[in-house]
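Notes for the one structure printed next.
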């Protein structure tokens, strides 16, 4: 098989999940997404706790859950990124964790923080290019909201500002 045939020319799957990331209730969904890549053995999962970047210990909490969840599903290559702010979205060490990943999982927290962190960032450029060539994008809760075409910041509205 040639290299060209190994690289998908079509976008990957997108999963927008309400809540419950990394819980047993999502095993079937995540196993299906892994199958779109050829199975767990071919998956290279990048965990993105970006939405929890403003919470002390949030990224460690979500990444630990994600590591346990995807290892239990048979994935050997699970990368726990620490992309939690604009600086880390351009950090060469963090960008290296994204390179050649084919499954990007955005966990919960603040959707506006994800957008502000990743918009026009080197990290988003890598993720977007991978998606265009078949990588899976999955988001749960805030991660799902941030992956939509438009996101209204409920925190802004609740503070009395216009969306």
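Look at (1) surrounded by 21 or more Cβ atoms within 10 Å (Cβ to Cβ); (2) part of a loop (DSSP other than H, G, I, E, B); (3) touching a strand residue (DSSP E or B) at 6+ places or on another chain (Cβ under 7 Å); (4) at pLDDT 95 or above and you find that residue 47 fails only one, number (2).
Among what's in the stretch 84-99 and is out of contact with any helix residue (DSSP H, G or I) (no Cβ under 8 Å at 6 or more places or on another chain) and assigned to a loop (DSSP other than H, G, I, E, B), pick the residue that is nearest to residue 33 (Cα to Cα).
So in the stretch 84-99, the residues out of contact with any helix residue (DSSP H, G or I) (no Cβ under 8 Å at 6 or more places or on another chain) come out as 87, 91-93, 96-97.
Applying the additional criterion that residues be assigned to a loop (DSSP other than H, G, I, E, B) yields 87, 91.
Working: 87: 30, 91: 28 Å.
By that ranking, first place goes to 91.
Taken over the stretch 50-64, the criterion of being touching a helix residue (DSSP H, G or I) at 6+ places or on another chain (Cβ under 7 Å) and not in a helix (DSSP H, G or I) is satisfied by 53, 54.
Evaluated against (1) in contact with a strand residue (DSSP E or B) (Cβ under 7 Å, 6 or more places away or on another chain); (2) surrounded by 23 or more Cβ atoms within 10 Å (Cβ to Cβ); (3) more than 13 Å from residue 14 (Cβ to Cβ), residue 123 falls short on exactly one condition, (1). Count of the stretch 90-120 residues, restricted to those that are surrounded by 18 or more Cβ atoms within 10 Å (Cβ to Cβ) and within 15 Å of residue 45 (Cα to Cα), is 11.
Would you confirm whether or not the stretch 101-113 contains a residue that is assigned to a helix (DSSP H, G or I) and either under 14 Å from the mean Cα position of the chain (by Cα) or at pLDDT 95 or above (or both)? Yes, the conditions are met somewhere in the stretch 101-113.
Would you be able to say whether some residue in the stretch 118-131 is part of a loop (DSSP other than H, G, I, E, B), closer than 21 Å to residue 25 by Cα and at pLDDT 95 or above? Scanning the stretch 118-131, I find no residue that is part of a loop (DSSP other than H, G, I, E, B), closer than 21 Å to residue 25 by Cα and at pLDDT 95 or above, so the answer is no. Can you find a residue in the stretch 72-83 that is assigned to a helix (DSSP H, G or I), surrounded by 16 or more Cβ atoms within 10 Å (Cβ to Cβ) and touching a residue at least 12 places away in the same chain (Cβ under 8 Å)? Checked the stretch 72-83: no residue is assigned to a helix (DSSP H, G or I), surrounded by 16 or more Cβ atoms within 10 Å (Cβ to Cβ) and touching a residue at least 12 places away in the same chain (Cβ under 8 Å). Among the residues of the stretch 19-39, those identified as in a loop (DSSP other than H, G, I, E, B), more than 15 Å from residue 62 (Cα to Cα) and free of Cβ contacts under 8 Å to residues at least 60 places away in the same chain are 38, 39. Residue 10 satisfies every condition listed in (1) at pLDDT below 95; (2) under 16 Å from residue 103 (Cα atoms); (3) surrounded by 15 or more Cβ atoms within 10 Å (Cβ to Cβ) except (3). Kindly check whether there is at least one residue in the stretch 56-67 that is in contact (Cβ under 8 Å) with a residue 12 or more places away in the chain and exposed (fewer than 14 other Cβ atoms within 10 Å of the Cβ). No; the residues of the stretch 56-67 include none that is in contact (Cβ under 8 Å) with a residue 12 or more places away in the chain and exposed (fewer than 14 other Cβ atoms within 10 Å of the Cβ).
Of the numbered criteria (1) under 15 Å from residue 139 (Cβ atoms); (2) at pLDDT 95 or above; (3) over 13 Å from the mean Cα position of the chain (by Cα); (4) surrounded by 17 or more Cβ atoms within 10 Å (Cβ to Cβ), the one residue 53 fails is (2).
The values are calculated or read from the model by the stated rules, or taken from the named source; none is laboratory data. Everything quoted here is computed from the prediction, not taken from an experiment. Note: ideal-geometry Cβ built from the backbone for every residue, glycine included; neighbour counts use all protein chains shown.
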